[in-house]
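Data block below; observations after.
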Number of protein chains: 2
Amino acid sequence: MNQDTILKTLIADNVVSDPASARGRLLKEAAKLFRDKGYERTTVRDLAAAVGIQSGSLFHHFRSKEDILKAVMVETIQLNTALMRAAVEAADSHEDKLRALIRAELESVLGQTGEAMAVLVFEWRSLSDGAQAEVLALRDIYEQLWLDVLATLAEAGTIKADAFVVRRLLTGALSWTITWYRPDGGMDLAELTDQVMLTLAVSH
Amino acid sequence: MNQDTILKTLIADNVVSDPASARGRLLKEAAKLFRDKGYERTTVRDLAAAVGIQSGSLFHHFRSKEDILKAVMVETIQLNTALMRAAVEAADSHEDKLRALIRAELESVLGQTGEAMAVLVFEWRSLSDGAQAEVLALRDIYEQLWLDVLATLAEAGTIKADAFVVRRLLTGALSWTITWYRPDGGMDLAELTDQVMLTLAVSH
DNA sequence: CAAGATACCAAGCAAGCGCTTGGTTTGTAA
DNA sequence: TTACAAACCAAGCGCTTGCTTGGTATCTTG
């Protein structure tokens, strides 16, 4: 199942919004604004202007500004969990599964959903406690995919450090690429993936 | 030269504020508030209350709220650059220099200056363009310490990936520890440093 | 002790914020 | 064509924000 098919399935199941719909377009613009200016600095007037409506009309689609932030985060996690799962299942060896996870997370962070992923990393504290808990529950599912693969590699001795610690170090390392990686800088995503594998000293 | 001596030298040179002074106390409280609530959600009334004065009185010490954020960042970088330099110079082998850098950065991120370091990572966008440029210039000095050590290790073949890439991956990995590492969780800083070295597959 | 600088308070202004309200347009389906 | 709901607008309310102002204590120094 390729990435486009996965996206369409999730849209059909109402797990993520259709990017063509009013709601989907708003979430896309919101992700961009939240990443560029931060959640607090982005006003409901900014959000409304980005999709060409009045600020008050936003509240016909979402109950509050925070609701928009939450929707951006939830939909992004849902989509990426599905993409990750497919990436793991498509790979054969455990080394290749790790490589596939790294590649997939880099694609999430640096590609289409990059704006939303950055929001997920940097705007965490802007969510209320209740909403944080909801998002956290979804993230745990996502994380388990990583831990399964890393634990197997640790048992086999391919990686020397603790699987939990490696995952957490990787989380930081990979999401931080948002701040410095530029696709036009002479290193494509495959090379970057290789560099990460080399840094971990995992051969293939 | 130990850490306390370094701090005192910097205070004497007016590079960082004395934590006992009014200015120093405010910056300490500001770092905590900015980390906990984010810069935008922290009001000048919050900042003033934290040191027991009226909100208007803040502007006797700082020209603007942003000035406070900038001061937190600048002083933190200055202090940590000095600490890093001392850590590198105290180590003998290149592997030990890397270990010393990792340990020192973890101490910065997780110890006394942790709040301010978190602000440096997460509140970057809240600075105006001009202030960002100033902070960036200071950060470049800091980064060069890392790159020198990593480049030597790359030439020797101890690390297999590109030195620039490794440093950037490490930046993310180490600063991300703010979000998950708890000193009471059964792993002390020495063990965490070891885990990072093991993840990089650099032996000692 | 005098006098200037430093540190602070009490009050409030102008602007911007999230969100509400009452009413109008647009789409849909019988 | 009619009836109803969904989508939107125009206006603005109540509140909070960063910062200013004019004045008063407190400290420092000759």
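Worth pointing out:
- Checked against the criterion of being closer than 22 Å to residue B:115 by Cα and more than 21 Å from the chain's Cα centre (by Cα), the candidates B:172, B:185 yield just one match: B:185.
- Qualifying residue in the range A:126-135 (condition: in a helix (DSSP H, G or I), within 11 Å of another protein chain (Cβ to nearest Cβ) and more than 23 Å from residue B:39 (Cβ to Cβ)): no
- Some residue of the range B:51-62 being among the hydroxyl-bearing types (Ser, Thr, Tyr), touching a Leu at 6+ places or on another chain (Cβ under 9 Å) and closer than 25 Å to residue A:38 by Cβ: yes
- Residue A:93 fulfils the conditions (1) within 16 Å of DNA strand C (Cβ to nearest atom); (2) more than 30 Å from residue A:41 (Cβ to Cβ); (3) among the polar types (S, T, N, Q) except for a single criterion, (1).
- Some residue of the range A:9-19 being charged (D, E, K, R), more than 15 Å from the chain's Cα centre (by Cα) and away from DNA strand C (no atom under 16 Å from the Cβ): yes
- Among the residues of the range A:117-128, the ones that are in contact (Cβ under 8 Å) with a residue 60 or more places away in the chain, open to solvent by 30 Å² or more (accessible area, probe 1.4 Å) and hydrophobic (A, V, I, L, M, F, W, C) come to 1 in all.
- Sole exception among (1) of a type in the set (A, V, I, L, M); (2) open to solvent by 30 Å² or more (accessible area, probe 1.4 Å); (3) modelled with pLDDT under 95 for residue A:6, by number: (2)
- Any hit, the range A:31-45, residues being within 10 Å of DNA strand C (Cβ to nearest atom), away from chain B (no Cβ under 14 Å) and under 24 Å from residue B:126 (Cβ atoms): yes
- Taken as a whole, the condition of being of a type in the set (S, T, N, Q) and assigned to a helix (DSSP H, G or I) does not apply to residue B:112.
- Index of the failed condition, residue A:195 passing every other in (1) surrounded by fewer than 15 Cβ atoms within 10 Å (Cβ to Cβ); (2) facing chain B (nearest Cβ under 8 Å): (1)
- Among helices (runs of 4 or more DSSP H) entirely within the range A:27-107, having at least 2 residues that are more than 16 Å from DNA strand D (Cβ to nearest atom) and touching a helix residue (DSSP H, G or I) at 6+ places or on another chain (Cβ under 9 Å) singles out A:65-90.
- Which numbered condition residue A:171 fails, given (1) hydroxyl-bearing (Ser, Thr, Tyr); (2) within 11 Å of chain B (Cβ to nearest Cβ); (3) open to solvent by 40 Å² or more (accessible area, probe 1.4 Å): (3)
- As a summary of the residue check, residue A:161 satisfies the conditions (1) modelled with pLDDT of 95 or more; (2) open to solvent by less than 40 Å² (accessible area, probe 1.4 Å); (3) in a helix (DSSP H, G or I); (4) within 13 Å of chain B (Cβ to nearest Cβ) except for the one numbered (3).
- Enumeration of residues in the range B:174-188 that are at the interface with another protein chain (Cβ under 10 Å from one of its Cβ atoms) and free of Cβ contacts under 8 Å to residues at least 60 places away in the same chain: B:176, B:179, B:180, B:187
- Looking across B:66, B:75, B:95, one residue alone is among the acidic types (Asp, Glu), buried (at least 16 other Cβ atoms within 10 Å of the Cβ) and within 20 Å of residue B:130 (Cα to Cα). It is B:75.
- Any chance residue A:121 is within 14 Å of chain B (Cβ to nearest Cβ) and either assigned to a helix (DSSP H, G or I) or within 16 Å of DNA strand C (Cβ to nearest atom) (or both): yes
- Pairs meeting the criteria (first residue in the range B:129-152 and touching a residue at least 40 places away in the same chain (Cβ under 8 Å), second residue of a type in the set (D, E, K, R) and open to solvent by 90 Å² or more (accessible area, probe 1.4 Å), beta carbons under 8 Å, at least 6 apart or on different chains) are B:145/B:85.
- Residue check for residue A:189: hydrophobic (A, V, I, L, M, F, W, C), within 24 Å of residue B:154 (Cα to Cα) and surrounded by fewer than 17 Cβ atoms within 10 Å (Cβ to Cβ): yes
The values are calculated or read from the model by the stated rules, or taken from the named source; none is laboratory data. Since the structure is predicted, the reported quantities are computational estimates derived from the model, not experimental observations. With ideal geometry, Cβ positions are generated from the backbone for all residues, glycine too; neighbour counts draw on all protein chains shown. The protein model used for the area step is the full one, side chains on, heavy atoms only, and it has no ligands, DNA or RNA in it. Shrake-Rupley method; radii C 1.70, N 1.55, O 1.52, S 1.80 Å.
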